[in-house]
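Since the structure comes first, as structure tokens, the remarks are kept for the end.
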Amino acid sequence: MRPSRAKSNIHNPLGSRLKVRYTNAVHAAVVVFPGSNADAELIRTLRDVVGVRTSVAWHGDSALPDAVDLVAIPGGFSYGDYLRCGAIARTSPIVADIRRHAERGGLVLGICNGFQILTECGLLPGALTRNAHLRFECRDIFLRPRAKGPFTSSILAKKQMVLRLPIAHAEGRYQVSSATLADLKRATDAGDGDVSPAIAFDYVDRNGAVVEAANPNGSIESIAGVYGGPKRNVMGLMPHPERMSEPLHGGEDGRLLFEAAVESAARAPSGAKAS
């Protein structure tokens, strides 16, 4: 069934325990594909945990909702992962407007299957392939923010150097050519006068060390997430921050990423919004 595009009324079913400060200054859109299965958690996190106006877009729509600041693509198995993960999703009508949104400088976040879709669309470099050990991984892991950017700068400023987040994927092994890897590692403009590499997150152990045992899928150089886009405004991440964003989940580390995005979106020029 096609999800409603009606704008969601903000509500907080957990009452004061979440201590949410609601804002209409930022408008997020969650894009749902056939086979998405983490859209409900993503909508809840944006709307009820972080407290932003949240709409839903369907893969068959030709345009994003009006005045969108942040486009979020959830995890799942779009189109059953036929051909390759995200390969069919990249042909969906909504993708053209996601691309236009990114080109304007609007924020785009792809989580798990969303990351795979963004690489297939060419909005992020590299590819996500079968895990090195050929097994589905579903457990908590640790990762470290490395690059400055709209989804990470405030986390780095808070000196939150290790996050615990869950993963759930069989095709999460990030691979990229040696030339592109060199580009990702090169310090470039990260906005606000900062420079940093474009590798957003690394897989690490609980102490923040990059070690082989902490890499759950064999990703090159333990890369868990990367930045791209004309203004470092597009990010893909394999772990699921929306599944570790409130006390009932057993941790709130994922909430930091969404709060960083909202802070960045609130400062962005109005020309970056979908119109």
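Just so you know, in region 228-260 the residues that are closer than 21 Å to V26 by Cα and within 10 Å of the chain's Cα centre (by Cα) include one that is surrounded by the fewest Cβ atoms within 10 Å (Cβ to Cβ), and it is F258. Residues in region 153-176 that are closer than 26 Å to V195 by Cα, assigned to a loop (DSSP other than H, G, I, E, B) and not hydrophobic (A, V, I, L, M, F, W, C): K158, K159, Q160.
Out of curiosity, is R53 modelled with pLDDT under 95 and either in contact with a Phe, Trp or Tyr (Cβ under 6 Å, 6 or more places away or on another chain) or farther than 14 Å from D97 by Cβ (or both)? Reasoning before the result, please.
Values: modelled with pLDDT under 95: no; either in contact with a Phe, Trp or Tyr (Cβ under 6 Å, 6 or more places away or on another chain) or farther than 14 Å from D97 by Cβ (or both): yes.
So R53 fails the test.
For first residues located in region 137-158 and free of Cβ contacts under 8 Å to residues at least 60 places away in the same chain and buried (at least 18 other Cβ atoms within 10 Å of the Cβ), partners that are in a loop (DSSP other than H, G, I, E, B) and not aromatic (F, W, Y) and lie 6+ apart or on another chain with Cβ distances below 6 Å form the pairs P145/T152.
Pairs linking a residue in region 62-77 that is without any contact (Cβ under 8 Å) to a residue 40 or more places away in the chain to a residue that is of a type outside the set (F, W, Y) and part of a loop (DSSP other than H, G, I, E, B), with Cβ atoms under 9 Å and 6 or more positions apart or on different chains, are S62/P93.
Taken as a whole, the condition of being touching a Gly at 6+ places or on another chain (Cβ under 7 Å), surrounded by fewer than 20 Cβ atoms within 10 Å (Cβ to Cβ) and either modelled with pLDDT of 95 or more or in a loop (DSSP other than H, G, I, E, B) (or both) applies to A132. Condition (residue is surrounded by fewer than 10 Cβ atoms within 10 Å (Cβ to Cβ) and modelled with pLDDT under 50) applied to region 15-33: is it met by at least one residue? Yes, because at least one residue in region 15-33 is surrounded by fewer than 10 Cβ atoms within 10 Å (Cβ to Cβ) and modelled with pLDDT under 50. Residue count for region 135-146, restricted to those that are touching a Leu at 6+ places or on another chain (Cβ under 9 Å) and at pLDDT 95 or above: 6.
Inside region 62-88, residues that are surrounded by 18 or more Cβ atoms within 10 Å (Cβ to Cβ), at pLDDT below 95 and hydroxyl-bearing (S, T, Y) make up a count of 1.
Within region 186-193, does at least one residue satisfy the condition of being in a loop (DSSP other than H, G, I, E, B), within 20 Å of the chain's Cα centre (by Cα) and at pLDDT below 95? Write out each step before concluding.
First, the residues of region 186-193 that are in a loop (DSSP other than H, G, I, E, B): 186-187, 192-193.
Keeping just the survivors that are within 20 Å of the chain's Cα centre (by Cα) gives none.
Within region 186-193 (the criterion being in a loop (DSSP other than H, G, I, E, B), within 20 Å of the chain's Cα centre (by Cα) and at pLDDT below 95), the answer is no, since none of the residues qualifies.
On the basis of being in a strand (DSSP E or B) and under 30 Å from G80 (Cα atoms), does I117 make the cut? Can you show your working first?
Numbers: in a strand (DSSP E or B): no; under 30 Å from G80 (Cα atoms): yes.
No, not satisfied.
Within region 58-102, the residues that satisfy the criterion of being farther than 25 Å from P241 by Cβ, outside any loop (DSSP other than H, G, I, E, B) and not polar (S, T, N, Q) are A96, R100.
Number of residues in region 194-211 that are part of a strand (DSSP E or B) and not aromatic (F, W, Y) equals 7.
Scanning region 98-131 for residues that are closer than 19 Å to Y227 by Cα and more than 16 Å from the chain's Cα centre (by Cα) yields a count of 4.
Residues that are closer than 17 Å to A261 by Cβ and part of a loop (DSSP other than H, G, I, E, B) within region 212-229 comprise just one, G229. Under the condition of being farther than 17 Å from Q116 by Cβ and either in contact (Cβ under 8 Å) with a residue 40 or more places away in the chain or within 17 Å of the chain's Cα centre (by Cα) (or both), the residues counted in region 211-221 number 2. Within region 176-183, is there a residue that is surrounded by 15 or more Cβ atoms within 10 Å (Cβ to Cβ), touching a strand residue (DSSP E or B) at 6+ places or on another chain (Cβ under 6 Å) and at pLDDT 95 or above? Looking for residues that are surrounded by 15 or more Cβ atoms within 10 Å (Cβ to Cβ), touching a strand residue (DSSP E or B) at 6+ places or on another chain (Cβ under 6 Å) and at pLDDT 95 or above, one finds none in region 176-183, hence no.
The values are calculated or read from the model by the stated rules, or taken from the named source; none is laboratory data. Remember, predicted model here, so these are calculated numbers, not experimental data. We place every Cβ from the backbone using ideal geometry, glycine too, and count neighbours over all the protein chains shown.
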